[in-house]
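Everything on this sheet refers to the single structure shown next.
What follows is calculated from the coordinates using simple rules that are stated; it is not laboratory data. Fair warning: this is a prediction, and the values are worked out from it, not measured in the lab. Every residue, glycine as well, gets a Cβ built from its backbone with ideal geometry; the counts of neighbours run over all protein chains shown.
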Amino acid sequence: MKNITTLMLAAIWTFGSFASCGSDVRHRTFRGIYADDPAGMEGLYNPERGFRLEVALDVTEKNYVWAPEKYPDITSYLEEQSDIYASDSVSLVQTYFYLTGAVGKDLTEADFRTMDVFFDKLRELGKKAVLRFAYETQFMGRAATGPTLEDIVRHTEQLQPFLEKNKDVIQVVQAGMIGAWGEWHSSFHGLEKSDDTKRTILQHICRMTPEGRAVQIRVPEYKNLLDPALADYKRVSFHDDFIVIKKHQWDGGMSEGTPAYEQIVRQSPFLPVDGELPWGTWSMNEDPDNPEAGWVIDGLQTARRLFLQHFTSLSAIHNYKEKDTKDKYSMMYWKETPVSRTFLEENKMPVSDGYFTKKDGSAVERNVFDYIRDHLGYRIELQEMTAPAALASGQANPVEISLVNRGFSTLFNEHPVYLVLVDMSGKVCHTALTDANVNDWQPYEPDNSACTPLIHTISTDLQIPAGLEKGTYRLGLWIPDGSGRLLYDNRFAIRCANGDTQWWVSPDGKYGVNILLDNISIQ
C-alpha cells in the first residue's frame, strides 16, 4: 500500500509543489537531480566527502616539500591546487605535515604556528584535512635520517592538545609517522620490523587523535595488532594507497577475495575510508623497469570496489591531472567510460533518482568518473515531507521528512540537523534543532545482501515562539558543521541532491539551507 501511495503522491507532485492531505496538512514529494537541471552534470560540493587534494609541508622549513623553490611558504601550493581542481567538487585535502626537522627534538612553538597557518587557510577555503604526520621522504634505505620510537611518542603527546584545538577542520587522522611518506615501510630505524613498536605507535596515534575522529591505517594487518575488544581498535579504519584492482605485489594483500579485502568490506560501513590510485607517471609511463606500466586502471571495477568498501574519499591527484609524461591518465579515461543503470543495478550499487534522464524522460549517458565523484561518501536525497498547512504560533507543529542516502557511505563527525524559518527579506528568524543523527544515515543495512536503500526519517515538533511575527516564511533544512568555529559557514553545510529544491545561502554567508517550502504561513 505504501508504494502505491508514494506513486500517487508523485503523480500529484507533477502538478504542483505539494498536495493537501485534508485541510490542515500539507504533503510534498521531492525528486533527485535530472541531467538537465541547472548544473545537473556537475558535482555537488559537500563537506567531508568526495575527491581530495594532497599537500605535503615541511613544518620546520615552512615550505612545500616537493618544490620548495617554487612554493617557499605554507599555503601557496594549496591555493594553486584548489583552483586547478575547483571543478571536481573537492572539499578535502590530504595534509602531510613532515616533522623531519624535529627528529631528536621537541616540537617548537614555531612549528605549531606553521601548522596553524595551514589549518586557518583550510578554513578560509572551506576545506578539511585528511591529516597525516611523517618524517621521511625517501624509501629503499635512502632516507638520511628518521625518528626513533621515543621521538614519535614524544611528538604525539605534544600534538594531542594542538589537534584537539583544531578538531573542527580535521576530517580524519591517518596513522603515518613510520617510514617513507608515513606508509609504514622503509623507515631509517626499521621501526616497521617490530610488531610491538608498530602497536605502540598506533596506540599513541589513537591517543593523539581528537575524540570523535577516526584513525585510518594502510592495511588491516596493522589494525589487527590491536585488541579488538578495545576502543582504539573500533575507531581504526583504512586508507588504501594502491588501488589497482588487479592483484599486484604492492597491493598490501588487499585484492578482492583476500581476508584483508573482506575485513575492509565488513568494517567499512561504520568508518570513513580513504584511498588513492598509484601515480599515473608510474602505472602508465612506458618505463622499461616497470613491465606492468602503461595500463589504465579499470574505472567500472574501481567504482564497484569503492561502493563495496564504503569509500568516503579518493585522491584526485593520482592518475588524473598529472603532467610531464602521458597526455591522459586513468581518470581521464574514466571520463570516456560509460556507466549504465544496468551495470549499477546488477552490482547493487546506488542509482540516484533522475541520474540517467532529463526532465522530459529521455535518457542521457553518464561516465564512471562522474559517478564516482557524485557517490563517494554520502549523497542525501530528500523523498517526502509532511507539515501543517499553516504553522501555529506558540505551539508545536509536527513535521516529518524522509530521505535516502544514495552515496557509498554514511556521514561521520558532527552535523546537527535543524529546521529553519526564513522571512521574505532573507533573514533567518528561527532555528529548531531536531534529534536526527546523520551518523545513522546508512545507504542500506550493512548486512543486507540486496543493498536495499534505507529510508530515514526526520520527525520533530517544530515549536514556533509566541513572539515570532505572523506572516509568510520559507521553511528549510539546515545541516551545518557541528563545531562552534564552522557552524555559521555555509560551505560546511550539507546540500541535498534534489533538483526541485533551492539551495539558499544567507546574505551574510552564515547559512546554507535546503528550502523545503517556499511559502508557509504562521498564524
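Given a cut-off of under 8 Å on Cα pairs at least six residues apart, what relative contact order in percent is computed for the chain?
Across the chain, relative contact order equals 14 percent.
Taking R0 as 41 Å, what FRET efficiency do you get between GLU124 and TRP279 from their Cβ-Cβ distance, rounded to the nearest 0.05?
0.90
Given contacts defined as C-alpha pairs under 8 Å and at least six residues apart, what's the relative contact order of region 383-523, whole-number percent?
28 percent.
Which lysines, if any, have their Cα less than 18 Å from the Cα of LYS234, not counting same-chain residues under 8 positions apart?
Hits, sequence-local ones excluded: LYS198, LYS223.
Mean residue ellipticity at 222 nm from the helices of the chain, using -39,500 (n - 2.57) per DSSP H segment of n ≥ 4 over the full residue count, to the nearest 500 deg cm²/dmol?
One gets -6500 deg cm²/dmol as the mean residue ellipticity at 222 nm.
Quick check on the exposure proxy: order THR156, THR200 from fewest to most C-beta atoms within 10 angstrom. Let's see the in-between values first.
On the way: THR156 20, THR200 16.
Placing the least packed residue first, the sequence is THR200, THR156.
In the chain, what % of DSSP beta bridges are antiparallel (nearest 5)?
Details: 48 of 80 bridges.
Rounded to the nearest five, the antiparallel share is 60 percent.
How much length is gained on full extension from VAL117 to VAL505, taking 0.36 nm per residue of separation minus their Cα-Cα distance?
Difference between extended and current length: 137.0 nm.
Tell me, what does the Kirkwood hydrodynamic radius of region 178-257 come to in angstroms if you use every pair of distinct C-alpha atoms? Don't jump to the answer; show the numbers that get you there.
Values: mean 1/r = 0.0738 Å⁻¹.
Over region 178-257, the inverse of the mean reciprocal pair distance is 13.5 Å.
Sort the following peptides by mean Cβ neighbour count (other Cβ atoms within 10 Å, averaged over residues), highest first: 32-45, 462-475.
On the way: 32-45: 16.9, 462-475: 14.9.
Top of the packing list down: 32-45, 462-475.
Quick one: Debye curve from the alpha-carbon atoms of region 50-344 only, equal weights, vacuum; give me log10 I(q)/I(0) at q = 0.07, 0.09 Å⁻¹ to two decimals.
For region 50-344, the Cα-only Debye profile gives -0.25, -0.42.
Considering only C-alpha atoms, what is the centroid distance from region 299-341 to region 449-487, in Å?
The two parts, judged by their Cα centres, are 35 Å apart.
Would you mind computing, in nm to one decimal, how far apart the modelled labels at ILE84 and ILE515 are, each placed 7 Å from Cα along Cα→Cβ?
A separation of 3.8 nm, rounded to one decimal place.
In region 50-344, what % of DSSP beta bridges are antiparallel (nearest 5)?
5
Can you list the aspartates and glutamates whose alpha carbon sits under 20 Å from that of LYS70, skipping same-chain ones fewer than 8 residues off?
Filter leaves GLU54, ASP58, GLU61, GLU79, GLU80, ASP83, GLU322, ASP324.
Which part of region 28-69 falls in the paramagnetic zone of LYS105, meaning amide N under 12 Å from the point 7 Å along Cα-to-beta-carbon?
The answer is 59-62.
Considering just Cα atoms, how many Å³ per residue does the convex hull of region 418-518 enclose?
126
Starting from the Cα-Cα distance between ARG207 and TRP295, subtract it from 0.36 nm times their residue separation and give me the gain in nm to one decimal. Don't skip to the answer; put the middle values down first.
On the way: separation 88, 0.36 × 88 = 31.68 nm, distance 4.10 nm.
Contour length minus Cα-Cα distance gives 27.6 nm.
Once volume of the Cα convex hull per residue in Å³ is worked out from the coordinates, which option in (1) 220; (2) 251; (3) 161 does it equal?
Correct label is (3).
Among the listed pairs LYS246/LYS323; LYS128/LYS328; LYS193/LYS328; LYS62/LYS167, give every one whose C-alpha distance is greater than 30 Å. Spell out each step's value before the answer.
On the way: LYS246/LYS323 25 Å; LYS128/LYS328 28 Å; LYS193/LYS328 38 Å; LYS62/LYS167 22 Å.
Correct reply: LYS193/LYS328.
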